[in-house]
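All remarks here apply to the structure that follows.
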Amino acid sequence: MKSKWSDKEAKSYIARYGKQKVNADIALRVYTSRLLGRDPELVLHGGGNTSVKTRLPDMMGRQTDVLCVKGSGWDMADIEPAGLPAVRLDPIRELRALSALSDEDMVNVQRINLLDAAAPNPSVETLLHAFLPHKFVDHTHSSAVLAVSDQPDGDAICRRLFGDSMGYVPYIMPGFELARKAAEVFEADPGVDGLILDKHGIFTFGDSAREAYERMIEKVSLAEGRVRRGRRKVFAAARLPAKIAPLAEVAPIVRGLCAVPGPGEAAAQRVVLDFRTSRAVRNYVDGRDVGRYSQTGVVTPDHTIRTKNWPVILSAPKAGELDAFRAAASRAIYDFSARYARYFARNNKRAGGIKKALDPMPRVVLVPGLGLFGVGQNKKAAQIAADIAESTVGTITNAESVGRYQCVGEADMFDMEYWSLEQAKLGKETEKALARHVVVVTGGASGIGLATARAFKAEGADVVIMDRDRKTLAAAATGLGVQGIVCDVTAGASVRAAFARVAEKFGGLDILVSNAGRAWQGRIGEVGEKVLRDSFELNFFGHQRVAQAATAIMRTQGHGGVLLFNASKQALNPGADFGPYGLPKTATLALMRQYAIDHGADGIRANAVNADRIRSGLLTESMISSRASARGLSPADYMAGNLLGREVVAADVARAFVHLALSEKTTGSLLTVDGGNIAAAPR
């Protein structure tokens with residue numbers, strides 16, 4: 001590991017934050033925190049913490065000794081000065097004299113000593129930072145350090161590796177007891193550069209930001225060197241089927257089986273998946289002894305709130321035998337949840353029976369022959385679980401190269417998983433109406449499609465927009481912050497590839513908004529056959545292709561779904577010279593109802609929106625002007641030519657799609673969004 005310290009960058013941080021009246025100590029603390037936080041070999045997703053002891057004015061302007069330490073909810077990778085709440089140092093240090101301190105009292109005393117009452121809660125390891133005398137203190141969960149310490153004789157290995165340059169602290173859960181023990185170890189040998197916390201990570205410290213940071217790099221490099229000296233051949237491979245089923249066929253099965261049980265009789269809560277594979281991941285999940293080393297426990301207890309203490313291992317999915325894979329996977333996940341229930345019961349009894357069980361479903365799924373899945377309530381949570389799982393693969397592989405992987409015991413893992421201060425890191429925000437749902441919107445790069453994608457995202461869904469125009473799609477996806485997938489709905493191969501990509505990326509889908517279309521015109525007695533065929537390919541068969549692909553995934557998942565079609569008033573109120581567009585739209589309305597009839601038993605609802613006079617790719621400005629002129633109206637008056645006298649916009653149509661998605665007992669329905677047009681009202 002190489003130091004990334006730059007004098008030029010350090011000065012730029014001091015200058016940048018100096019303009020915001022942030023002192024140099026805090027500016028440098030931000031700089032080196034980011035250097036550490038942006039290296040996944042050191043820190044992942046809110047892990048680790050850093051601090052600096054400095055002086056700041058209180059409300060009366062008096063210069064006060066404070067500890068600025070990472071706050072809850074902040075990630076070191078992009079931390080700002082606001083993420084380093086200032087705590088009065090002297091009252092915090094006085095706690096060292098206590099023989100015991102409850103978690104509640106610890107949090108309380110830290111909060112009442114904040115300079116700013118609105119600041120985030122200081123780190124659960126604030127006292128450890130405070131009890132050490134150094135100006136700058138850094139803490140990471142270095143993968144290499146964990147690889148050498150997560151051993152039956154980890155303490156001895158670390159002592160041989162680091163010698164007397166480091167102090168050694170036995171495993172204790174974060175909080176007052178760990179802070180006091182770490183201070184005792186340091187005071188017994190105050191010449192050390194840092195501390196190795198058994199099964200938990202590494203602290204380094206110094207009188208300057210650079211000294212503390214570069215000591216971290218130096219010690220981690222020593223651990224990396226020890227790992228490199230380990231044995232090369234780590235895992236013997238298990239025997240796998242000659243041909244493994246495709247990821248796109250496996251992922252929806254896994255997603256459906258991992259749905260979290262809902263309270264009472266409520267339907268299961270969906271999850272989202274994130275898949276990872278690589279040579280290292282395959283070497284791990286395909287190992288003959290994966291049932292041993294993957295089930296030992298997390299590499300550091302801090303990870304348990306994201307991944308639970310062990311993953312579920314599924315059988316290798318043999319191509320052409322997915323029914324057998326589903327049956328075996330169902331048993332494995334059931335066994336996982338039963339094992340988790342027993343683990344909870346044992347340890348909750350030890351804890352006095354006061355804990356409330358978390359859901360028993362896995363957060364990491366290992367699939368020999370393919371790779372691993374992270375599981376979460378949305379794509380971000382699934383990615384976090386997958387990131388930690390992928391890092392765990394590397395850490396355990398390295399640990400097994402050094403000796404034999406061994407982490408903390410079950411009781412310690414439980415205490416960390418059910419520690420209120422650890423659970424608080426996840427937050428308690430109420431989920432939005434369409435959280436846990438994956439939504440696909442075709443024709444999603446502009447007009448009604450883009451407005452619809454925006455509306456579903458606002459309701460908490462993970463959204464995929466599909467469009468045939470790669471450039472427009474890329475710009476729209478980037479601007480909205482969603483996944484974009486190129487798809488030409490008139491080409492079967494393109495549709496199959498696009499929906500396979502959705503399954504691979506998210507594990508499946510829940511809601512399809514089939515929106516792609518184009519308004520061909522022409523008098524029906526004169527129009528050429530090619531125009532009609534082209535219109536039917538897009539405006540009817542395009543809907544059928546994507547609905548069929550979505551239905552296949554939904555049925556595989558086994559928890560229903562929603563098909564939403566963008567119909568047209570042409571299906572009910574045909575307009576002159578619009579037969580090439582209206583005829584396939586009429587067929588699409590019938591298509592929606594057929595899906596409602598044929599797949600209601602699968603829990604799949606099908607509905608449509610009938611919109612009219614919407615500015616979009618279908619109704620261009622030139623078409624609006626032409627139609628308005630033919631009626632002797634201004635374009636604005638033409639667009640508001642309905643019973644309400646108000647123009648209908650793309651966002652109105654988008655809200656109608658969201659409404660239908662949320663209407664759990666509505667199927668086969670056509671919802672009109674046109675401001676009032678009696679001629680187009682369903683009869």
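The values are calculated or read from the model by the stated rules, or taken from the named source; none is laboratory data. Computed from a prediction, not measured in an experiment: that's the story for all the values here. In this analysis, Cβ positions are derived from the backbone assuming ideal geometry, glycine residues included, and neighbour counts consider all displayed protein chains. Surface accessibility is based on the protein's heavy atoms, side chains included, excluding ligands, DNA and RNA. Shrake-Rupley method; radii C 1.70, N 1.55, O 1.52, S 1.80 Å.
Here are some notes:
- Checklist (1) within 13 Å of Val513 (Cβ to Cβ); (2) in contact with a Ser or Thr (Cβ under 7 Å, 6 or more places away or on another chain); (3) touching a residue at least 60 places away in the same chain (Cβ under 8 Å) applied to Val489, failing item: (3)
- Residues of the range 474-485 satisfying the condition of being open to solvent by 30 Å² or more (accessible area, probe 1.4 Å) and among the hydrophobic types (A, V, I, L, M, F, W, C): Ala474, Ala475
- When Arg350, Arg339 are screened for being surrounded by fewer than 23 Cβ atoms within 10 Å (Cβ to Cβ), among the charged types (D, E, K, R) and touching a residue at least 24 places away in the same chain (Cβ under 8 Å), only Arg350 passes.
- Considering the range 178-201, and only residues there that are charged (D, E, K, R) and over 33 Å from the mean Cα position of the chain (by Cα), the residue that is nearest to Leu128 (Cα to Cα) turns out to be Arg180.
- Top-ranked residue of the range 95-106 - restricted to ones that are over 15 Å from His129 (Cβ atoms) and not in a loop (DSSP other than H, G, I, E, B), ranked as farthest from the chain's Cα centre (by Cα): Ala97
- Residues (over 16 Å from Gly291 (Cβ atoms) and in contact with a Ser or Thr (Cβ under 6 Å, 6 or more places away or on another chain)) located in the range 362-388: Arg363, Gly371, Ala385, Ile388
- Take the conditions (1) under 26 Å from Leu671 (Cα atoms); (2) assigned to a helix (DSSP H, G or I); Leu563 misses just one of them, which is (2).
- Where a residue in the range 605-625 is without any contact (Cβ under 8 Å) to a residue 60 or more places away in the chain and its partner, wherever it lies, is open to solvent by 40 Å² or more (accessible area, probe 1.4 Å) and not small (Gly, Ala, Ser), with Cβ under 6 Å and at least six apart: Ile624/Pro635; Ser625/Pro635
- Boolean, Asp302 is surrounded by fewer than 21 Cβ atoms within 10 Å (Cβ to Cβ) and of a type outside the set (Ser, Thr, Tyr): no
- Listed by first and then second residue, the pairs with beta-carbon distance under 9 Å, at least 6 apart or on different chains, first residue in the range 18-41 and over 12 Å from Ile79 (Cβ atoms), second part of a loop (DSSP other than H, G, I, E, B), are Asp25/Lys135; Leu28/Ser208; Asp39/Met1; Asp39/Lys4; Glu41/Met1; Glu41/Ser142.
- Every test in (1) within 31 Å of the chain's Cα centre (by Cα); (2) β-branched (Val, Ile, Thr); (3) under 22 Å from Asp90 (Cα atoms) is passed by Val22 save one, and that test is (1).
- Residues satisfying the stated conditions in the range 267-296, i.e. more than 15 Å from Gly558 (Cα to Cα) and either modelled with pLDDT under 95 or in a loop (DSSP other than H, G, I, E, B) (or both): Thr277, Ser278, Asp286, Arg288, Asp289, Ser294, Gln295, Thr296
- Among (1) closer than 25 Å to Asp510 by Cα; (2) out of contact with any Asp or Glu (no Cβ under 9 Å at 6 or more places or on another chain); (3) polar (S, T, N, Q); (4) crowded, with 19+ Cβ neighbours inside 10 Å - the single one Ser330 does not satisfy: (4)
- Of the residues making up the range 10-24, those that are open to solvent by 40 Å² or more (accessible area, probe 1.4 Å) and either within 20 Å of Lys70 (Cβ to Cβ) or hydrophobic (A, V, I, L, M, F, W, C) (or both) are Ile14, Ala15, Arg16, Gln20, Asn23, Ala24.
- Criterion applied to Ala656, Ala651 was being of a type in the set (A, V, I, L, M) and open to solvent by less than 40 Å² (accessible area, probe 1.4 Å), and the one residue passing it is Ala656.
- Residue in the range 35-47 that is within 30 Å of the chain's Cα centre (by Cα) and farther than 25 Å from Ala381 by Cα present: no
For (1) more than 14 Å from Tyr213 (Cα to Cα); (2) open to solvent by 20 Å² or more (accessible area, probe 1.4 Å); (3) outside any loop (DSSP other than H, G, I, E, B), each residue gets a yes or a no:
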{"residue": "Ile26", "(1), (2), (3)": "yes, no, yes"}
{"residue": "Leu35", "(1), (2), (3)": "no, yes, yes"}
{"residue": "Leu42", "(1), (2), (3)": "no, no, no"}
{"residue": "Gly47", "(1), (2), (3)": "yes, no, no"}
{"residue": "Leu56", "(1), (2), (3)": "yes, yes, yes"}
{"residue": "Met60", "(1), (2), (3)": "yes, yes, no"}
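- First in the range 42-67 and at positive phi, second anywhere and modelled with pLDDT under 90, Cβ under 8 Å, 6 or more apart: Gly46/Gly73; Gly46/Lys425
- Evaluating Lys233 against the criteria (1) outside any helix (DSSP H, G or I); (2) in contact (Cβ under 8 Å) with a residue 12 or more places away in the chain leaves one unmet condition, (2).
- Check on Ala411, of a type outside the set (Val, Ile, Thr) and in contact with a Leu (Cβ under 9 Å, 6 or more places away or on another chain): no
- Among the residues of the range 632-644, those identified as surrounded by fewer than 14 Cβ atoms within 10 Å (Cβ to Cβ), over 17 Å from Thr620 (Cβ atoms) and over 44 Å from the mean Cα position of the chain (by Cα) are Gly632, Asp637, Leu643.
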